[in-house]
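Notes follow once the structure below has been shown.
The values are calculated or read from the model by the stated rules, or taken from the named source; none is laboratory data. Treat the numbers as computed from the prediction; the structure is a model and nothing was measured. Backbone-built Cβ (ideal geometry, glycine too); neighbour counts: all protein chains shown.
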Amino acid sequence: MNLTELTSRLPEGSVLTAREDLLPYAFDGTAALKQMPAAVVFPRNAEDVAAVLRFADEQNAPVVTRGSGTGLSGGSVPVKNGIVLCTLRMDKVLEVDTRNLAMMVEPGVLTKVIDEEAAKHGLFYPPDPSSMKVSTIGGNVANNSGGLRGLKYGVTRDYVMGLEAVIPDGEIVWLGSKCVKDVAGYNLRDLFIGSEGTLGVITRILLKLVPRPKAKRTLLATYSDIERAAETVSAVIEAKIIPCTMEFLDRMTIRCVEDFAHVGLPTDCEALLFMETDGHPAVVEEEAAAMAEIARKYGAKEVTLAADEAQALQLATARRSAFAALARIKPTTILEDATVPRSELARMVRFCEETGKKHGLQLASFGHMGDGNLHPTFLTNEKDTEEMHRVEQAMSEIFDFAISLGGTITGEHGVGLAKRDFLPRQFDPGSYALLSKVKASLDPKGLLNPGKIFPVQG
Amino acid sequence: MSETTGIANQASSPLSLKGMDYSVLQQCMHCGMCLPTCPTYDTTRLERNSPRGRIAWMRAIADGEMSVDKAFADEMYYCLGCLACTTACPAGVDYPTLFEAARADIEQAEAAGHGQRDFWRWLAVKTLFMRPRLLRFVGRVLRLYQWTNTDVFFRKIGLMRLAPARLRELEPQTPRVCAKFSHQLIEPEEKPTGESRYRVGLLTGCVQDLAFSDINRDTADVLLANGCAVVTPPVQSCCGSLHAHNGELELARELARRNLDLFDLDSLDAVITNAGGCGSHLKHYAKLLDGDVKYRDRAHAWDKKCKDIHEWLVEIGISPPKGGLAEQAVTYHESCHLCHGQKVKAQPRELLRAIPGLEFVELPESDWCCGSAGIYNITQPEQAGKLQHRKVEHISKTGAVCVATANPGCHLQLVNGLREQGLTVEVRHPISLLAEAYRRSG
């Protein structure tokens, strides 16, 4: 690859090529995956991106798009000697349209900034992946990220009205509109959401906003076993209450989170439910009371209400640290996001526990109990190849079981590198072939994020 | 595998990235939670200037994939060592150990380059801050220079133009040296008027002793007002934090031993420090002297007894001052090594709130580094200036007439920054405000 040529096509200071500059872009938030790129580029707009993709097309150079590098499936891990296209310098909020409840942003804007911008206008951007203080909206859209509020508010896809993308031949396309109803042509916008940088590079995003809920109540319920927590979740939903958040943490996760955050989580229970309801103040009070009652009825040892917003925020922030806090036990945390229909959650939790035990592995669990999205996390050491092999075995069994329950191998992290080889299990051959066909038609040379979602061809 | 943060095993060999316990390096699982809290990453948005980027680099060195060279030295001296990343890190990475090991490697390999840097390091790290009496002597000369207005005269006649550029820029930032040093203000042992509830040692520091000996007097007064007998050895050594942060671990160990020899720990309930930067280092003598059979046990006892003044006062419970100060809005800037290094955040605020007359106003980004960072404002003036400016902006927006801070480096950085922007906000140590309130209680 002619790096001088690449550098000459972009504004000064847009390309990194020194080894020491590249080294920290060799990985993302995923454990045990690393690959050195040949260059990192920082485009400032769609034209820069188009220039990079045209260059890549000419030189047959692979391009991996990256935001803040917090992904958990290896989706933004570089391809060896390829280009990393980092969107962090495209970080402007372009428009907040309060009449149409929409916001136009560039992909490098941090997720948290989007909600803060919305809040200034009394509006709300609900998707809140745990990494929202760090992650970019471009990365969220490319991975169709979820978060803690999925049960009531859905995921990133539900808030994307339109997007601009640069496709592999350098063409800039716009897909979608500010219209609530729009059925013109194929819905290609949705094709790009969750495409993990394999079809194009997203350069602008039109987001949908909703009115900001006026009130919120946060509850903590402790249990002596996970089943009771799962039953509580089902019972709350059966009682026609849709809380915005129903998170669960097992004992080991509680301990690690408390060790880090010191927010006073009870460490003497087997499971903890963290529940939030938001909306109209009167409704919120009523729902919080009903949720507390249901929790007690289903065997909660203790139910407490957060005293104020500050405490609620502290608890939510602590929950968001769960994944990284688990590294306190062992250096490598292999985090999965197998997801099942809500009704199957208790079975799935039990299966994960048994599988961990069977393979002699340390497993911690937490996750979004309200939407069936579980995060069984193996605590291991990447230097221990024998144990890592057992982790792979256990993971494989967990994926198979999730699929057998009508679930999915990934609820919110994406396929990336980490789950690529399991993907064919979830689809029948015809359906999997259709996925590959879409990829081949948009990116015939296979230059955008090769090796992610699908194995490298040939 | 240890369940707590790994501590480098440095029993016999000097601390180095290659020689250290690998699990300390491995502890970073590159989740990126540190990124938004890192002032250098915030400036450049480049991963190499972030905690996880630096750790990746350190790990590559330990793995033999990269070498300790000039580029690494530049990066590791661009890091402020503010430790904001350690507060943000859910995984509990022991960044202080990594940071010190990296800088020790750099000094060992002489990778940082020579020239003027060598002179300043020799002067500060190896000479002045190793010899308390010499430091005081230099302080006296400096005071003479300042109080006879020679400095103003030199500037007027343009003599400073003869000085090297760096010195010329730094000269106006030099702290005003106090008329009397700590030992002239504080008796070796002072007893409270009533019954002594506790007996504590008082550390007077280096810069604190030269430029802010009145803060040391105030600290003694506040301790006395709360029933603590105060033991203050007249000649004290530097705590060694400057040395440890600048790759001179052997000198840091020597200073730690001197401090351990200076205090009779068994007779004391606590050893009190009032400077955030010193405290953060002082509390980890056990780790520093892990390989020293003779001093190891004493260092452990020391770590347990070493307390930040705010921490200690809240722990023993203060008698609230009856007298108040003139009604004024006061804000609080957190010293990095007090809030991130020692995790002392609530206590200074609690003490400020206890002073009648003061209206406590929160400072936005109160735990964001002010750019002082030890000698960072000397070695990295550009980045330090950016942070100083950002801090002063925030302070001015609070409308406070006084900003409290508990570290001499921050204190000077704020004084200089406020002066440069023509603001008349006073900078005080929280304990000085408290001492003043006690004095007014009569």
Report task. State whether the residues of the range B:310-326 include one that is surrounded by 15 or more Cβ atoms within 10 Å (Cβ to Cβ), assigned by TED's automatic domain parsing to the domain that holds B:Arg258 and acidic (Asp, Glu). Result -> yes
Query raised in the report: Failed condition for B:Arg103, given (1) farther than 29 Å from A:Leu85 by Cβ; (2) touching a Lys or Arg at 6+ places or on another chain (Cβ under 8 Å), with all others met?
Result: (2)
Requested in this report: State yes or no: is B:Tyr41 modelled with pLDDT of 95 or more, within 26 Å of A:Leu33 (Cβ to Cβ) and more than 13 Å from chain A (Cβ to nearest Cβ)?
Outcome: no
Report summary line: Residue count, the range B:225-251, condition modelled with pLDDT under 95 and either in a helix (DSSP H, G or I) or polar (S, T, N, Q) (or both), comes to 11
Report task. Among the numbered conditions (1) within 11 Å of another protein chain (Cβ to nearest Cβ); (2) buried (at least 20 other Cβ atoms within 10 Å of the Cβ), tell me where B:Met76 comes up short. Result -> (1)
Query raised in the report: From A:Glu392, A:Glu387, A:Glu412, A:Glu397, which residue is in contact with a Gly (Cβ under 6 Å, 6 or more places away or on another chain) and over 30 Å from A:Asp57 (Cβ atoms)?
Result: A:Glu412
Query raised in the report: Do we have A:Met246 as within 14 Å of chain B (Cβ to nearest Cβ), aliphatic (A, V, I, L, M) and either part of a strand (DSSP E or B) or surrounded by 17 or more Cβ atoms within 10 Å (Cβ to Cβ) (or both) here?
Result: no
Query raised in the report: What helices (runs of 4 or more DSSP H) lie completely within the range A:308-372 and have 1 or more residues being out of contact with any helix residue (DSSP H, G or I) (no Cβ under 6 Å at 6 or more places or on another chain) and within 14 Å of chain B (Cβ to nearest Cβ)?
Result: A:309-320, A:322-325
Query raised in the report: Would you say A:Ser68 is within 14 Å of another protein chain (Cβ to nearest Cβ) and closer than 30 Å to A:Pro341 by Cα?
Result: no
Report task. Would you confirm whether any residue within the range B:167-174 is over 23 Å from the mean Cα position of the chain (by Cα) and at pLDDT below 70? Result -> yes
**Report entry** Residue list for the range A:1-50, restricted to those being charged (D, E, K, R), crowded, with 16+ Cβ neighbours inside 10 Å and away from chain B (no Cβ under 13 Å)
**Finding:** A:Asp48
Query - Filter pass, B:Thr43 being in contact with a Lys or Arg (Cβ under 7 Å, 6 or more places away or on another chain) and not assigned by TED's automatic domain parsing to the domain that holds B:His281 - result: yes
